[in-house]
1. Quick check on the stretch 39-48. Is at least one of its residues within 24 Å of N165 (Cβ to Cβ) and not aliphatic (A, V, I, L, M)?
2. Which fully enclosed helices (runs of 4 or more DSSP H) of the stretch 70-161 have 2 or more residues being modelled with pLDDT of 95 or more and open to solvent by 50 Å² or more (accessible area, probe 1.4 Å)?
3. Is the stretch 8-18 home to any residue that is part of a helix (DSSP H, G or I), surrounded by fewer than 13 Cβ atoms within 10 Å (Cβ to Cβ) and modelled with pLDDT under 90?
4. Which one of these does R211 not meet: (1) more than 20 Å from I141 (Cβ to Cβ); (2) surrounded by 14 or more Cβ atoms within 10 Å (Cβ to Cβ); (3) at pLDDT below 95; (4) among the basic types (K, R)?
5. Show the residue pairs meeting these rules: Cβ distance below 6 Å; 6+ apart or different chains; first residue within the stretch 142-159 and over 13 Å from T178 (Cβ atoms); second residue of a type outside the set (A, V, I, L, M) and outside any loop (DSSP other than H, G, I, E, B).
6. Tell me which of these E188 doesn't satisfy, since it passes every other one: (1) at positive phi; (2) under 24 Å from the mean Cα position of the chain (by Cα).
7. Going residue by residue through the stretch 234-250, is there one that turns out to be within 19 Å of I122 (Cβ to Cβ) and more than 17 Å from the chain's Cα centre (by Cα)?
8. Quick test for you: out of Q185, Q250, pick the one residue that is open to solvent by less than 20 Å² (accessible area, probe 1.4 Å) and modelled with pLDDT under 95.
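The values are calculated or read from the model by the stated rules, or taken from the named source; none is laboratory data. Just so it is clear, the model here is predicted, and its values are computed rather than measured. We place every Cβ from the backbone using ideal geometry, glycine too, and count neighbours over all the protein chains shown. Side chains included, ligands, DNA and RNA excluded: accessible areas come from the protein's heavy atoms. Shrake-Rupley method; radii C 1.70, N 1.55, O 1.52, S 1.80 Å.
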Amino acid sequence: MTGFITWTANPVLFQLGFFAVRWYSLMFLIGFTIGYYIIYKMFKHEGARQEWIDKLLIYVAIATIVGSRLGHVFFYQWDYYSQHPLDIIKIWEGGLASHGGTIGIIIAILLYSKYVTKKSPIWTFDRLVVPVALVGALIRIGNLFNHEIYGHDTTLPWGFRFIENLHGWMAGADPIFTAPCHPTQIYEALAYLALFSLLMVMYWKYNCQERKGLIFGVFLTWLFSARFFIEFIKNVQVEFEEGMALNMGQWLSVPFIIAGVVLIIYALSHKREHIDFPERFADDPLPRRKRN
């Protein structure tokens with residue numbers, strides 16, 4: 001058997017005593033750091049309040065972790081966690097669902113818009129989803145390092161052989177490899193990177209934020225359509241999905257795709273709203289005038 005890649009990357013980047021830095025956590029950190037910078041530039045570009053940025057980061061960070069965890073608990077393994085509720089907090093053992101993270105972020109932005117910006121939630125979504133697309137790509141790279149969420153067997157030359165007994169291998173056992181299979185983590189990461197590039201162009205070159213809901217609609221439609229189709233070649237995450245025509249990830253993607261299409265139609269059918277770009281935060285002190 002030739003033409004495949006044997007993937008032996010260690011999920012742990014480095015370890016200091018009991019403290020381990022994992023690639024997955026690093027991808028999260030990089031994504032949030034770059035995302036913070038992008039939001040900073042956007043808010044300054046449009047003259048928003050600088051104090052909104054840190055609050056937004058807190059809302060989104062908490063919502064992403066809590067939502068992703070609860071999404072996995074309720075959508076995929078409720079039978080187990082209903083009997084072992086204390087295990088819900090053990091996020092270090094794995095088990096995060098992107099659909100749950102999305103729902104968590106939506107709820108967080110509704111609260112953020114009500115109590116912080118006093119603006120329509122769509123205003124925040126049209127800006128936030130740009131870096132979120134990048135974070136999604138980096139998280140899938142983290143999944144690649146974790147040898148998880150891969151696809152069906154394949155004879156394609158870029159098929160990956162992942163380590164099945166990952167925990168045993170990390171403890172010193174010989175690795176047991178899968179058959180070559182689709183690296184669906186890479187497929188999704190590339191799809192999300194392409195989406196990130198598109199959204200950056202829409203915002204910075206074409207000022208599509210002036211069409212309320214358009215950027216958010218494109219994000220939902222593209223991201224969850226990619227997720228829907230890639231799921232056809234991805235292994236199921238839990239046993240109850242075996243034999244389903246559409247798995248849980250696909251069923252959960254459908255409402256987001258519909259919502260995205262509705263937002264795109266709404267945005268394109270309404271008048272473009274002009275936005276001034278003062279290139280300074282609203283709460284910055286005005287520069288003093290020079291005396292003659």
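1. Within the stretch 39-48, none of the residues are within 24 Å of N165 (Cβ to Cβ) and not aliphatic (A, V, I, L, M).
2. 98-112
3. Within the stretch 8-18, not a single residue is part of a helix (DSSP H, G or I), surrounded by fewer than 13 Cβ atoms within 10 Å (Cβ to Cβ) and modelled with pLDDT under 90.
4. For R211, the exception is condition (3).
5. Correct list of pairs: G142/W23; G142/Y24; N143/Q185; L144/Q185; F145/W23; N146/Y24.
6. (1)
7. no
8. Q250
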